[in-house]
Amino acid sequence: MAIEVLSPSTHLKDLREKFDLYQRMGVREYWIIDPAVEWINRFVLCQDGRYGEPELREPIFKKGPIVSEVLKGFQIESTEIFAAE
């Protein structure tokens, strides 16, 4: 499993190059977190070796836990990731 937190200086690289790299290397689950717009995309590797459609989580619109398919028992509320201090 890989979790990527985007930063303004590297977000294009993360969204393109790293996505392709993780897919080629067979990373079974890949989360992309964008703190600037507060969304999370969760990708799961399919039988064909490619990531399926992402589960998009926007804490304002969709509450509830994001559950990992790879790390059994791991889950987190998206609102916890973006909670104000």
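Report the local net charge at T10: Lys and Arg +1, Asp and Glu -1, summed over other residues whose C-beta lies under 13 Å from its C-beta. Surrounding charge for T10 is -1.
Calculated from DSSP H runs of 4 or more alone, at -39500 (n - 2.57) each and per residue, what is the 222 nm mean residue ellipticity of the chain, nearest 500? Walk me through the numbers before you get to the answer.
Values: 2 runs with 10 residues, N = 85.
Dividing the helical sum by the residues of the chain leaves -2500 deg cm²/dmol.
For the chain, just say rounded, prolate or oblate: build the C-alpha gyration tensor, square-root its eigenvalues into a ≥ b ≥ c, call rounded for a/c under 1.5, and beyond that prolate if a/b exceeds b/c, oblate if not. Note, shape of the chain comes out oblate. Spin-label model, A2 to E77: label points 7 Å out along the Cα-to-beta-carbon direction sit 3.0 nm apart.
Remark: the Q23-C46 segment gains 7.3 nm on full extension, using 0.36 nm per residue and subtracting the alpha carbon distance.
FYI, it's all coordinate maths here, none of it is from the lab. Quick caveat, the model's predicted, so the values are computed rather than measured. For neighbour counting, all protein chains shown are included, and Cβ atoms are generated from backbone atoms with ideal geometry for every residue, glycine included.
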